[in-house]
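The values are calculated or read from the model by the stated rules, or taken from the named source; none is laboratory data. Fair warning: this is a prediction, and the values are worked out from it, not measured in the lab. Glycine gets a Cβ as well: all are built from the backbone with ideal geometry, and neighbour counts include every protein chain shown. These area figures cover heavy atoms from the full protein model, side chains too; ligands, DNA and RNA do not enter into them. Shrake-Rupley method; radii C 1.70, N 1.55, O 1.52, S 1.80 Å.
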Amino acid sequence: MLSLAELTARTAHTGSVVWLGIRPGRHAEVRSLPSVWIGPGGLQGDHRARPGKRAVSLIQAEHLTVISALSGAPEVTFEMLRRNIAVSGLNLAAMRGRSVRIGTCELSIAGICAPCSRMESALGHGGYTAVRGHGGMVAEVSVPGLIRQGDTVVPLDTQALS
């Protein structure tokens, strides 16, 4: 029988990057990019780029459907949620306190990326609450590098099946 530590260190498979975006200014429109350089402080060109545990924001692509259902918004896009990296196929919440490699970059998943009050205007009444628990994670840059859409997201300190 596996211990709890062994069970939580297992992942079914790796993930992939399905979207990348930067926020050039505080209230500027989010720009979708095919690739981006991530320096010690975060994504090049992102107004929030600064070293620390919130240098990069990631969101689980599969959560867009949930956010749409909870908010009543007919469509929810990555741009509306204002995160930097959308990942599919790997449970980001399970990576909290662990590291992942994406492209040539390594990130340490630090914690939850809580929604901001702008979700009310982006998603409508109740948008903030709809994003709670589904807003993704924040990460610190361990190794700067280049990330591209389609790159594999590999857990570094877990036991991945594939």
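If the Cβ limit is 9 Å and pairs must be 6+ apart or interchain, which residue in segment 12-30 that is at pLDDT 95 or above and part of a strand (DSSP E or B) pairs with which residue that is surrounded by 11 or more Cβ atoms within 10 Å (Cβ to Cβ) and among the aromatic types (F, W, Y)?
Taking only residues 6 or more apart or on different chains, the pairs are V18/F78; W19/F78; L20/F78; G21/F78.
For segment 50-66, check the following and say yes or no: at least one residue is in contact (Cβ under 8 Å) with a residue 40 or more places away in the chain, in contact with a Lys or Arg (Cβ under 6 Å, 6 or more places away or on another chain), under 20 Å from G133 (Cα atoms) and open to solvent by less than 30 Å² (accessible area, probe 1.4 Å).
Among the residues of segment 50-66, at least one is in contact (Cβ under 8 Å) with a residue 40 or more places away in the chain, in contact with a Lys or Arg (Cβ under 6 Å, 6 or more places away or on another chain), under 20 Å from G133 (Cα atoms) and open to solvent by less than 30 Å² (accessible area, probe 1.4 Å), which makes the answer yes.
Quick check on my filter: what residues within segment 93-130 are of a type in the set (A, V, I, L, M), open to solvent by less than 10 Å² (accessible area, probe 1.4 Å) and either under 25 Å from A28 (Cβ atoms) or outside any helix (DSSP H, G or I) (or both)?
Passing the criteria: V100, I102, L107, I109, M119, A130.
Give me the residue from segment 100-128 that is modelled with pLDDT under 95 and of a type in the set (S, T, N, Q) and, out of that set, nearest to P51 (Cα to Cα).
Among those that are modelled with pLDDT under 95 and of a type in the set (S, T, N, Q), it is S117.
So in segment 133-155, with the set limited to residues that are in a strand (DSSP E or B) and in contact with a helix residue (DSSP H, G or I) (Cβ under 7 Å, 6 or more places away or on another chain), which one is modelled with the lowest pLDDT?
Filtering segment 133-155 for residues that are in a strand (DSSP E or B) and in contact with a helix residue (DSSP H, G or I) (Cβ under 7 Å, 6 or more places away or on another chain), the one modelled with the lowest pLDDT comes out as P155.
Pull up segment 19-49, narrow it to residues that are within 19 Å of G136 (Cα to Cα) and touching a helix residue (DSSP H, G or I) at 6+ places or on another chain (Cβ under 8 Å), then point me to the one that is surrounded by the most Cβ atoms within 10 Å (Cβ to Cβ).
G21
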